[in-house]
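The values are calculated or read from the model by the stated rules, or taken from the named source; none is laboratory data. Here the structure is a predicted model, which means the values were calculated and not measured. Every residue, glycine among them, receives a Cβ derived from its backbone with ideal geometry; neighbour counts consider all protein chains shown.
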Amino acid sequence: MSDNASNGEKSRVEDAYYDQARYVRNGHYEPLLSEKDQTQVTIHDDDSPLPGHLTRDTLELPGLSEPELARHYTRLSQMIYGIDTGPYPLGSCTMKYNPKFTEDVAALESGAVHPGRSPETIQGTLELLYRLQGYLAQIGGMDAVTLQPPAGAAGEFVGIRVANAYHEHNDEGHRDEVIIPESAHGTNFATAALGGYNVVSLPSNDEGRVDLEALEAALSEQTAALMLTNPNTLGLFERDITEIAEMVHDVGGLLYYDGANLNALLGRARPGDMGFDVMHYNVHKTFATPHGGGGPGAGPVGVVDELAPFLPAPRVREAEDGYELFDPEQTIGHVHGYQGNWLVLIKAFAYIARLGDEGLLDASAKAVLNANYLASQIDYDVPYGPFHHEFVASAGEQDAADVAKRMLDFGVHPPTTKWPEIVSEALMTEPTEVESKETLDLLASAFRRASASDAETLETAPNRTAAGRIDQTSAARNPRLSWHALEDE
Ligand SMILES: *Cc1c(COP(=O)(O)O)cnc(C)c1O
């Protein structure tokens, strides 16, 4: 199918996106500043205190005017894709637009306190942290929260270390297995292994949910914990969760909640009420803080009362007159400097406070509605459902990686591909709560056009982005990290 002869469904909005992608690709190679112009600049510095052989009289610099410079950087900024240029339906990652007011709040001068200051002089900071601990505990149905871990993966590690300390404390240190569904995020397996546990992999049933018989078979006196995310990575709610919790608790194990999918449940259901004992929150996914490119995040950990004494130190609590730091009695120790990624925590606090109970309810409603609407508008087979905040389609005979590259041609970011592996050629899609129907229609159109593309177009895509198909293996093995490396060849 040629790009111009699509099935007559192009709207003006789509055309605009389409043209923008073409503009960037077609003939708009942006030279380096040094390629644009090299001017000999004479340096007049007769008073230099340096010896003569260490100074120079002339220097090569690009001789560009301010508009030329401004346009250079603006053009470069348009060759990249980000959440401020279009939708980013990367399943599991919750790549949503974050309102700018949270950045303003984090940039307030009053937030810039040195973390080493004495608690009496930073009462406002401690109050914010204390209230955020409370918000998160309430949202997750947990009794105590630490804000220290700097990412979801770090939160998992803390949670598993806390579980380990709890078992050791109860003379149950022989428990050496952590059970994880095969559809789980890679960090779950890494966390269990790093925490010193053997991983027991749990297959899914025909519905894409935890297989209770397989769980029964996996559980034993060796079980330290079961790690689950709910809704799971297929976007499906684990309906048997209370039964699952009972089964795990019956053998003396703990239930760990991976909070990456919490935006599906906000204000409606709480991991604590489902029977989970310990959880992390990916505040950069569920609340605010843009996190593309691996920027700073935060992965607070919530626990039930029995596990609170083992949380990392220090935590914040209310004292007689104000707030103070304290070390939980059997703490596993420090896991990050001071209280964690403070500026990220401010944004999460600001976001939750601004949305309030009603706003959080609205967010989960829209996250679920948007995913189900988009799933209903595409041509690819969507084997499971109905969904919560994300769905997994199958690219069928097409290669999911080709589909992803092809979608770039239509000016949108593709979904997560090839994971979870239960769906072949998986397209794991999470439109998030922030997108409008118009944007969802644009995404649906990109899916449909990709599915209608012929094999050759798919294999060579993308054709309209600043960079074409990149040889990722070579790029990873022989990275060219400077312009000089290119010249040397
Ligand atoms: C993102 C994610 C994680 C890891 O969280 P980070 O904050 O990226 O470290 C864990 N589990 C799931 C399901 C995720 O989507």
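Observations, loosely collected:
- Residue count for region 105-115 under the criterion of being out of contact with any Phe, Trp or Tyr (no Cβ under 7 Å at 6 or more places or on another chain) and either outside the structural domain of ARG315 (by TED's automatic domain parsing) or assigned to a loop (DSSP other than H, G, I, E, B) (or both): the result is 5.
Yes/no per residue for (1) among the β-branched types (Val, Ile, Thr); (2) assigned by TED's automatic domain parsing to the domain that holds LYS347; (3) closer than 30 Å to GLU433 by Cα; (4) touching a strand residue (DSSP E or B) at 6+ places or on another chain (Cβ under 6 Å):
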position	(1), (2), (3), (4)
MET95	no, no, yes, no
GLN138	no, yes, yes, no
GLN148	no, yes, yes, no
VAL158	yes, yes, yes, yes
GLU177	no, yes, no, yes
HIS185	no, yes, yes, no
GLY195	no, yes, no, no
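- Region 116-162, residues that are of a type in the set (A, V, I, L, M, F, W, C), within 16 Å of the ligand (Cβ to nearest atom) and in a loop (DSSP other than H, G, I, E, B): LEU147, ALA151
- Within region 97-126, if we keep just the residues that are in contact with a helix residue (DSSP H, G or I) (Cβ under 8 Å, 6 or more places away or on another chain) and closer than 30 Å to ASP441 by Cα, the residue that is surrounded by the most Cβ atoms within 10 Å (Cβ to Cβ) turns out to be THR102.
To keep it simple, each residue is scored yes or no on (1) under 19 Å from GLY340 (Cβ atoms); (2) among the hydrophobic types (A, V, I, L, M, F, W, C).
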position: PHE101; (1), (2): no, yes
position: GLN123; (1), (2): yes, no
position: LEU128; (1), (2): yes, yes
position: ARG131; (1), (2): yes, no
position: ILE139; (1), (2): yes, yes
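- Restricting attention to region 221-236, the residues that are within 13 Å of the ligand (Cβ to nearest atom) and either among the charged types (D, E, K, R) or not assigned by TED's automatic domain parsing to the domain that holds THR191 (or both) add up to 0.
- Helices (runs of 4 or more DSSP H) contained entirely in region 352-465, each with at least 3 residues that are free of Cβ contacts under 8 Å to residues at least 40 places away in the same chain: 400-408, 455-460
- Matching residues, region 348-371, being under 28 Å from PHE387 (Cβ atoms) and crowded, with 16+ Cβ neighbours inside 10 Å: ALA348, TYR351, ILE352, LEU355, LEU360, ALA363, SER364, LYS366, ALA367, VAL368, ASN370, ALA371
- Being in the same structural domain as ALA218 (by TED's automatic domain parsing) and without any contact (Cβ under 8 Å) to a residue 40 or more places away in the chain is a property that does not hold for TYR166.
- Test result for ARG448, in contact with an Asp or Glu (Cβ under 6 Å, 6 or more places away or on another chain), at pLDDT below 95, basic (Lys, Arg) and over 23 Å from ARG268 (Cα atoms): no
- Some residue of region 258-273 being among the small types (Gly, Ala, Ser), under 17 Å from PRO149 (Cβ atoms) and modelled with pLDDT of 95 or more: yes
- Within region 260-280, if we keep just the residues that are in a loop (DSSP other than H, G, I, E, B) and out of contact with any Phe, Trp or Tyr (no Cβ under 8 Å at 6 or more places or on another chain), the residue that is nearest to the ligand (Cβ to nearest atom) turns out to be LEU265.
- Top-ranked residue of region 293-309 - restricted to ones that are within 11 Å of the ligand (Cβ to nearest atom) and farther than 19 Å from LEU266 by Cβ, ranked as surrounded by the most Cβ atoms within 10 Å (Cβ to Cβ): PRO296
- Tally of residues being outside any loop (DSSP other than H, G, I, E, B) and in contact (Cβ under 8 Å) with a residue 60 or more places away in the chain across region 67-104: 4
- Odd one out for VAL200 among (1) more than 15 Å from the ligand (Cβ to nearest atom); (2) β-branched (Val, Ile, Thr); (3) within 30 Å of LEU126 (Cα to Cα): (3)
- Yes/no for GLY186 being within 28 Å of ARG268 (Cα to Cα), within 16 Å of the ligand (Cβ to nearest atom) and buried (at least 24 other Cβ atoms within 10 Å of the Cβ): no
- Test: residue in region 78-93 that is at pLDDT below 85, among the polar types (S, T, N, Q) and away from the ligand (no atom under 16 Å from the Cβ): yes
Residues checked against (1) in contact (Cβ under 8 Å) with a residue 40 or more places away in the chain; (2) out of contact with any helix residue (DSSP H, G or I) (no Cβ under 9 Å at 6 or more places or on another chain); (3) surrounded by 23 or more Cβ atoms within 10 Å (Cβ to Cβ); (4) of a type outside the set (D, E, K, R):
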site	(1), (2), (3), (4)
PRO150	yes, no, no, yes
GLY155	yes, no, yes, yes
VAL162	yes, no, yes, yes
GLU172	yes, no, no, no
GLU182	yes, yes, no, no
GLY195	no, no, no, yes
VAL199	no, no, no, yes
ARG209	no, yes, no, no
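- Lone unmet requirement of (1) within 16 Å of the ligand (Cβ to nearest atom); (2) closer than 22 Å to PHE157 by Cβ; (3) in contact (Cβ under 8 Å) with a residue 60 or more places away in the chain; (4) in contact with a helix residue (DSSP H, G or I) (Cβ under 6 Å, 6 or more places away or on another chain) for LEU254: (1)
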